[in-house]
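Okay, so here's the structure we're looking at.
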Amino acid sequence: MVQFAVVGRHGREPLMRAAWCALLISTTIAPALAQDAARFQDLLPDLASAIASAIAPSTQISLVIESSSSAPEPPGAAREALTSALMGRGVTVAQVAPGIAPVRVECQQNLRERSCVAEIQRGASRDVFIAARPLEPRLSGDAHVDGSLLPAIELYPLFAQRQPILDLLVAGDRMLVLDPGALTVYEQKAEGWLAARSTPLMPIRPWPRDVRGRVRADNEMVDIFMPGITCSTTWALTAMRCAERRAPWPLGVENIGLEPARNYFSTPEGLTFYGAASLDAEAGARWLVAARSGSLTMLSAAREAIPTMEMATDLAAIRSRCGTQSFVVAASTTDGRELLRLMRVTDRRIVAVAPPRLLPGAVTALWPMTDPSMALLVTHDAGVGRYDAFRVSVSCRR
């Protein structure tokens with residue numbers, strides 16, 4: 001669980017250094033692990049929320065990312081992720097210049113936790129915020145993959161906005177964002193992702209309350225799947241063509257699409273579900289689906305249902321880069337908390353392989369991405385009215 005703290009405000013004392021002293025006292029900095037290059041990225045959305053809460057809407061800030069021996073990711077990667085998170089919260093990030101309030105950010109790891117500190121300096125005043133997460137304990141038994149490797153869920157923030165994010169696709173320095181009202185192309189600039197062009201979506205009838213959508217790209221062609229309609233266009237968003245029809249969605253399992261007023265899919269046999277994941281040969285089944293009943297259900301190659309006792313609201317398949325196994329990431333709600341779990345299916349048994357990750361809001365989308373080692377996760381923070389898109393991947397630790 002991410003722990004967030006406001007360290008304090010002072011006009012003279014270098015509070016960032018004092019904050020690190022408080023974090024690191026009686027501990028030793030852990031060696032940097034090359035395979036954990038993105039292990040601080042999940043702290044940045046919380047840090048961005050704290051910065052946004054302390055900045056007036058019209059204030060511009062500049063980011064200074066401090067390097068650290070225990071934070072091996074390049075400063076540019078942290079800058080890109082934090083800039084995107086800040087822009088989604090209405091903060092303008094500019095280049096370092098006189099009159100622009102500097103925000104210094106540094107991430108460290110000690111023997112107990114991972115932490116990121118932000119210091120906002122305005123004149124003689126400094127505000128310091130810390131976002132921290134305890135180190136995850138090592139597991140044993142079924143949690144180990146390929147001998148000594150231990151999988152873990154990694155979240156990398158991609159984009160945030162006030163409108164619902166139905167789907168998102170990144171291709172190089174271009175990004176497609178689908179929301180209920182429009183398809184927008186963003187281009188990556190020095191300031192972050194900037195909207196280049198947008199085309200509205202005109203529903204034939206009102207969208208359902210929990211509208212869902214997918215966007216797929218093949219070279220320069222773009223296909224859009226929405227409840228009851230499909231559309232096609234190009235990256236230039238020219239000649240948008242839409243047709244009212246119930247078409248199969250690209251889910252990996254055969255389906256007959258969404259009904260216009262519903263947010264769940266159906267197999268040809270009539271099984272209703274919210275999401276599906278393809279399984280590998282060791283699973284003893286061909287697919288795992290999040291059934292409309294709330295339970296995870298396996299499907300054989302003939303799509304015969306094999307119920308399980310596990311519960312989930314959505315799921316996606318994901319392949320680890322540190323082995324040959326495939327995994328499933330599944331979203332669920334437990335005691336009012338939104339969690340993301342990592343599991344494997346072996347011989348028709350579902351086995352948890354990593355501690356669950358606490359999410360910053362309710363899950364509104366969980367889709368496989370073009371790269372089979374990644375999935376797209378979208379959460380909704382109702383408290384601030386913001387949707388955050390994350391790239392989900394599996395890291396392996398020794």
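The values are calculated or read from the model by the stated rules, or taken from the named source; none is laboratory data. These numbers come from a predicted model, not from an experiment. Backbone-built Cβ (ideal geometry, glycine too); neighbour counts: all protein chains shown.
Being touching a residue at least 24 places away in the same chain (Cβ under 8 Å) and either more than 30 Å from residue 61 (Cα to Cα) or not assigned by TED's automatic domain parsing to the domain that holds residue 275 (or both) is a property that holds for residue 229. Annotation: residue 370 fulfils all but one of (1) β-branched (Val, Ile, Thr); (2) in contact with a Ser or Thr (Cβ under 8 Å, 6 or more places away or on another chain); (3) under 28 Å from residue 169 (Cα atoms); the unmet one is (2). The condition (being modelled with pLDDT of 80 or more and in a loop (DSSP other than H, G, I, E, B)) is satisfied by just one residue among 31, 45, 98: 98. Restricting the stretch 339-364 to residues that are crowded, with 19+ Cβ neighbours inside 10 Å and over 26 Å from residue 383 (Cα atoms), which is modelled with the lowest pLDDT? In this case the residue turns out to be 354.
Scanning the stretch 141-158 for residues that are outside any helix (DSSP H, G or I), among the polar types (S, T, N, Q), modelled with pLDDT under 85 and within 27 Å of residue 61 (Cα to Cα) turns up nothing.
Here is a yes/no grid of residues against (1) of a type in the set (Asp, Glu); (2) in contact (Cβ under 8 Å) with a residue 12 or more places away in the chain; (3) in a loop (DSSP other than H, G, I, E, B):
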{"residue": "351", "(1), (2), (3)": "no, yes, no"}
{"residue": "364", "(1), (2), (3)": "no, yes, no"}
{"residue": "367", "(1), (2), (3)": "no, yes, no"}
{"residue": "370", "(1), (2), (3)": "no, yes, yes"}
{"residue": "373", "(1), (2), (3)": "no, yes, yes"}
{"residue": "378", "(1), (2), (3)": "no, yes, no"}
{"residue": "384", "(1), (2), (3)": "no, yes, yes"}
{"residue": "388", "(1), (2), (3)": "yes, yes, no"}
{"residue": "394", "(1), (2), (3)": "no, yes, no"}
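No other residue among 259, 254, 282 is free of Cβ contacts under 8 Å to residues at least 40 places away in the same chain and among the charged types (D, E, K, R) apart from 259. When each of 245, 212 is tested for being basic (Lys, Arg), surrounded by 17 or more Cβ atoms within 10 Å (Cβ to Cβ) and assigned by TED's automatic domain parsing to the domain that holds residue 167, the lone residue that passes is 212. Meeting the requirement of 1 or more residues that are of a type in the set (Lys, Arg) and within 26 Å of the chain's Cα centre (by Cα), the strands (runs of 3 or more DSSP E) wholly within the stretch 211-276 are 214-218.
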